[in-house]
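*Asks:* The structure under discussion is supplied below as structure tokens; questions concerning it will follow.
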Amino acid sequence: MDDILQEFLAESWENLGQLDSEIVELEKDPQNAELIASIFRTIHTIKGTCGFLGLTNLGAVAHSAENVLGKMRERMLEVSPGAISLVLEAIDRIKELLQGLEATGEEPKTDHSTLTLMLDELANLATAPVESTQQAASVTPAEKSPAEPQLDQRPLNEQSQTEIAAVPDGNPAAGEEFHPEVVDPLVPATGTEEVASRSSKVSVADLSIRVNVNVVDSLMNLVGELVLTRNQLLQLARGDEESKYAAPITHLNRVTTDLQEGVMKTRMQPIGNAWNKLPRLVRDLSQVTNKHIELVMTGAETELDRTVLDAIKDPLTHMVRNSADHGIEMPGVRKAAGKPEAGTIHLNAYHEGGHVIIEIQDDGAGISRERVLKKAISQGLIKEVDAPHVTDSHVFSMIFQAGFSTAEQVSSISGRGVGMDVVRTQIEKIGGTVDLASKMGKGTTVRIKIPLTLAIISALVLESGSQPFAIPQLGVVELVRLSAEDCKKIETIHNKKVFRLRDRLLPLVHLNEVLKLEETIPDEDDLQDTNIVVVQVGEDQFGLIVSRIFDTEEIVVKPVGRLLKNIGLYQGTTILGDGRVVMILDVGGIFNQCGGSSAHSQSVAEETPSSTDRDTISMLLFGVKENVTMAVPLSLVARLEEFPLDSIELNGDRKVVQYRENLLPLLSIEGAGYGGGEPVDPQPVIVFSENNRSMGLMVNEIKDIIDEQLVIRMQSDRPGVLGTAIIGKNAIDVIDTQYYVTRSTPNWFEKVEDKKSFRVLVVDDSMFFRQLVATALETEGFSVVTRDSCVAAVELLEKDSRFNAVITDLDLPMMDGFEFCEWLKEQEDTQELSVIALTSANSATDQAKAREAGFDEFLVKFNSHELISCLDESFARLKYKTGVKA
Amino acid sequence: MSIAITDSGSGMESQLDYSSQYVSFRVDGQLLGMPVNMVQEVLTEQVISPTPLARAEIKGLLNLRGQIVTAVSLRKRLGLPDLEDDRSMNVVTRVGEESFSLLVDEVGDVINVSGRSMEPVPRTLDPHWRSVTIGVFQLDEGLFVILDVETILNFD
């Protein structure tokens, strides 16, 4: 294809880009003469060049469109939506023709006679000047004459095709020749000022040249090399200020930095270039959907690298389309909701610390949390029981999952179920992030954060397994350094290390393990610390444990070689200042590799335990020895005391203390697999007490009492330990009080022996609660049998109904407590039993329902005294009854 | 230190027929060769940055004047154990848009084979070697095995 044609195409595309938004603008502001003139110029330039290049088909369409625009400019034709649509149609045809021309080098021979006919008819319709033209007409000649000679050396001739073609350098201001025609009928221009501003416009245009993108790209590569060499020189010169090279290197450093900035600048383009198409898009959408939509754009001048710009064009278009299609409601709905009939989509761009932030905001219906959740549940992304506990940000992040569209009806505009995931992938590909916030009825805001440029990035250089690596600074949230002491705060859940950073559980990954590198043992003292790089991947954060963190460095990203591509952990390579080649880590890849998504769901599952285990209980936390914390349900504790060490006496091999005119036997936790701590003075003691008998447990310190939803993780086979609970996200052993009680006083139960005949069946699906209740009751002397479901309890009772009381949870799977109670009351063998509901659901409705079902008592989890006194009562009744019978 | 080969484009040499010239090198005592016009340059031992998790054949990356080169161990590629005292030399070649370095035990002369014809790979040759070989020349000093560089750099 010859050069002139190339130039023509490049110039036309550029001008047409602006045209769409200008025409839409004109529709809103039909009186804007400058706009009409600008549009006219663009079309005119195309038409002119077409004549010169012999592109008759294209020329014909452009000519007819120009006629209409010319009439509009002369105010002989009204700027009506119909006329605008026709002009837009013509522009589309021109684009099609240009595309064909670009692809084949020849003008497509398509037929456009219908359109040109309609355009011509429209132009012919215009006969009389429309409103305010009188004024305009009177101004036109007056203004024309002084402007002309100053701007144009050659005689002005609108129809001269050769003249236009003679300016093929693509100067967008080529149309300036026609500027004198610009007439603002409302504000008649006053001579010189106007001319001055125009001539300055011309000169600005003269100062710019068109450069092939490849040239700029190769310049950028060269500058990258220069930056690397500079870095190497700096490294060599470091610490040697005396060197004769020091001064030139410093100078080189400065010049290189300036050069780098300069070349980056040449690649910078205003984001408005990516927004050009949007006004047209929104206009077309509002016509198709019959909605009124305003598009407001601010910060269009914000600049960013052209590669980044290209990458975000499509995602942006998609999101604006989404806002218009799903976000903005129909005018009637908006009116009913008390909103203005016209919805607004606001595009905003601005710089923020090396990044560009783009916001797409609409004042539409917002996204329904429920609908997203419903969809998420149906797709198996979350469990139904967890739904109420999922945070809003997590809910909205699910919109970006593949195949996720909540549009109930798939429309031609959007909602095909592809899209938002593609948007996210594309933005993440260029190192950006995207979040979404939405309020029902108020609207939705999507916020995109992207780096200014891709070629040279700021990266954190670190070491793992004695090797340096780089991580893009964009993904790094913070750096955490743990001293050897703090390292004990790293916990292990399911073989996965986690660290509690402020209020959240941070999954930890040893980078050297991911990369299968041996970690050398650091010998220097300061390396004993653990360095954690907290990185962000989408919605998730995780910590990378590395052996050393160096500095941030501006690095030039080079692609990963063919043979290393499929590893998936590297997003590029670079050369450091000292000449070493290092890999740039892809944190997303690392996260996926170490089962990121499953690790995440696990931690979520732990934070929101399933409802069956969700019971709040007061726990007493106490220290056993340094850094070992254990817990005991507060309901089992009688008192907390402190005794001076010298008041503790040895009675045989047992420790006792005089307490309330009695001897209180004391035990330490030694038997539980923990060595007793150093003696503490005064000695804190937890006192357990039943029926005037007491025992004390010596601990190192009483730490805290917390109300927590706790989950018993595993039943311990260690004596004296009931199990391990997650309390406040720490794994803590819960002690088995019964174990200590029997050890302190082997005959503890003797006195209450007679209660052994009273058999209690405890039904609860929570293993922990079964244990807890059983312990409390056994301590009191009752015989206890436990079952984890009503079904199992029924099975048992059918074989062996010799129980005196049943204590059951209400909310149980398959057969709930109410049904169970009804069943009990229906059976001949069991209708005499006292049935006690022990539940965490304490609503009036539940209580009423429980009474109806036939429960004798309704108790709230968990007060052992209440429960025991309740059982004692029925035990007393039983004794009385049997006594009567006897 | 680098021995530049492609840069020697003086008038006389450019007249020479490169197609009969092969750069020779040894791996495990065997004389191997590749066409001289495929060799970008030959380097002595270089600092190689390892690339964790890459295949065993890939020794790592080296920095050749700002250009990143993937270093491939010819020993590993041919199923041989690494040398204990690894002072491998680099034969740098360009395949496609990328540069690779073949790590060899030592680099020898450029051997001119004009007048001799390439013979097919003997069937007796280790299958590992056969798959990456184009043909052989019978030289006085023994068998000169010509490698198929593209296949060597194609692992899958």
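Readers should treat all values here as calculations from the given coordinates under stated rules, not as data from a laboratory. Every value quoted in this text rests on a predicted model; they were computed, and no experiment measured them. So basically every Cβ, Gly included, is an ideal-geometry build from the backbone, and we count neighbours across all protein chains shown.
*Asks:* What nm value, rounded to one decimal, do you get for the distance between A:His351 and A:Lys109 when each label is placed 7 Å out toward the C-beta?
*Replies:* So the two model labels end up 5.4 nm from each other.
*Asks:* Taking the Cβ of A:Ala805 as the centre, find all other residues whose Cβ is under 11 Å away and add up their charges (Lys, Arg: +1; Asp, Glu: -1).
*Replies:* Numbers: positive: A:Arg759, A:Arg877; negative: A:Glu832, A:Asp856, A:Glu857, A:Asp872, A:Glu873.
Within the 11 Å Cβ shell, the charges total -3.
*Asks:* Mind checking which lysines have their Cα closer than 28 Å to the Cα of A:Lys879? Skip sequence neighbours fewer than 8 apart in that chain.
*Replies:* A:Lys751, A:Lys755, A:Lys756, A:Lys799, A:Lys825, A:Lys861
*Asks:* Computed on alpha carbon atoms, what radius of gyration and Dmax characterise the range A:532-598, expressed in Å?
*Replies:* 13.1, 39
*Asks:* Additional query: For each of A:Asp816, A:Asp20, A:Asp486, count neighbouring Cβ atoms within 10 Å of the residue's Cβ, then give the residues from fewest to most. The partial results should precede the final answer.
*Replies:* Numbers: A:Asp816 16, A:Asp20 21, A:Asp486 13.
Ascending Cβ contact count within 10 Å gives the list A:Asp486, A:Asp816, A:Asp20.
*Asks:* Below 12 angstrom from the Cβ of A:Leu460, what's the summed charge of the other residues (Lys, Arg +1; Asp, Glu -1)?
*Replies:* Values: positive: A:Arg548; negative: A:Glu463, A:Glu478, A:Asp551, A:Glu553, A:Glu554.
So the environment of A:Leu460 carries a net charge of -4.
*Asks:* Still on this structure: For every other residue with a beta carbon closer than 11 angstrom to the beta carbon of A:Asn57, add +1 if it is Lys or Arg and -1 if Asp or Glu, then tell me the sum.
*Replies:* -2
*Asks:* Still on this structure, please answer the following. Return A:Asp809, B:Asp28 ranked ascending by Cβ neighbour count within 10 Å, so the fewest neighbours appear first. Could you put the intermediate results ahead of the total?
*Replies:* On the way: A:Asp809 27, B:Asp28 13.
Listed from fewest to most nearby Cβ atoms, that is B:Asp28, A:Asp809.
*Asks:* Ok, one more. Please find the FRET efficiency linking A:Lys442 to A:Val860, where r is the Cβ-Cβ separation and R0 is fixed at 35 Å, and quote it to the nearest 0.05.
*Replies:* Numbers: r = 40 Å, r/R0 = 1.14.
Rounded to the nearest 0.05, the efficiency is 0.30.
*Asks:* If amide H atoms are built 1.01 Å from N in the plane of the peptide, which residues on other chains or at least 5 residues away come under 5 Å of the amide H of A:Ile727?
*Replies:* Result for A:Ile727 returns A:Ile732.
*Asks:* Another question, then. If we count other beta carbons within 10 Å of each Cβ, what is the order of A:Cys50, A:Cys594, fewest first?
*Replies:* On the way: A:Cys50 26, A:Cys594 18.
Placing the least packed residue first, the sequence is A:Cys594, A:Cys50.
*Asks:* DSSP loop trypsin sites (Lys or Arg not before Pro) in the range A:422-519 with at most 15 other Cβ atoms within 10 Å of their Cβ, which ones?
*Replies:* Numbers: sites: A:Arg424, A:Lys429, A:Lys439, A:Lys442, A:Arg447, A:Lys449, A:Arg481, A:Lys488, A:Lys489, A:Lys496, A:Lys497, A:Arg500, A:Arg502, A:Arg504, A:Lys516; in loops: A:Lys442, A:Arg502, A:Lys516.
Counting only loop positions with at most 15 other Cβ atoms within 10 Å, the trypsin sites (Lys or Arg not before Pro) in the range A:422-519 are A:Lys442, A:Arg502, A:Lys516.
*Asks:* Normalise the Cα radius of gyration of the range A:778-886 by 2.2 N^0.38 Å (N = residues in it) and let me know the number.
*Replies:* 1.05
*Asks:* Right, another one. Between A:Val333 and B:Thr151, with labels modelled 7 Å along Cα→Cβ, what's the label distance in nm to one decimal, could you check?
*Replies:* The modelled label-to-label distance comes out at 6.5 nm.
*Asks:* Applying 1/(1 + (r/R0)^6) with R0 = 45 Å to the Cβ-Cβ distance of A:Leu663 and A:Glu519, what FRET efficiency is obtained, to the nearest 0.05?
*Replies:* Taking R0 as 45 Å, the efficiency between A:Leu663 and A:Glu519 is 0.20.
*Asks:* At 0.36 nm per residue, minus the direct Cα-Cα distance, what do A:Ile4 and A:Asp646 gain on full extension? Give it in nm, one decimal, please.
*Replies:* Details: separation 642, 0.36 × 642 = 231.12 nm, distance 10.51 nm.
Stretched out fully, the A:Ile4 to A:Asp646 stretch lengthens by 220.6 nm.
*Asks:* Hand me the trypsin sites (Lys or Arg not before Pro) from the range B:43-78 located in a DSSP loop with no more than 16 other Cβ atoms within 10 Å, in residue order please.
*Replies:* Numbers: sites: B:Arg55, B:Lys59, B:Arg65, B:Arg75, B:Lys76, B:Arg77; in loops: B:Arg55, B:Arg65.
In loop regions of the range B:43-78 (DSSP not H, G, I, E or B), the sparsely surrounded trypsin sites (Lys or Arg not before Pro) are B:Arg55, B:Arg65.
*Asks:* Using a basic spin-label model with each label point 7 Å from the Cα along Cα→Cβ, how many nm lie between A:Asp258 and A:Ser208?
*Replies:* For A:Asp258 paired with A:Ser208, the spin-label model returns 2.5 nm.
*Asks:* Right, next: When only DSSP loop residues count, what GluC sites (Glu not before Pro) in the range A:206-315 have their Cβ near at most 12 other Cβ atoms within 10 Å? Don't jump to the answer; show the numbers that get you there.
*Replies:* Numbers: sites: A:Glu225, A:Glu241, A:Glu242, A:Glu261, A:Glu294, A:Glu301, A:Glu303; in loops: A:Glu241, A:Glu242, A:Glu301.
Sites meeting the loop and neighbour criteria: A:Glu241, A:Glu242, A:Glu301.
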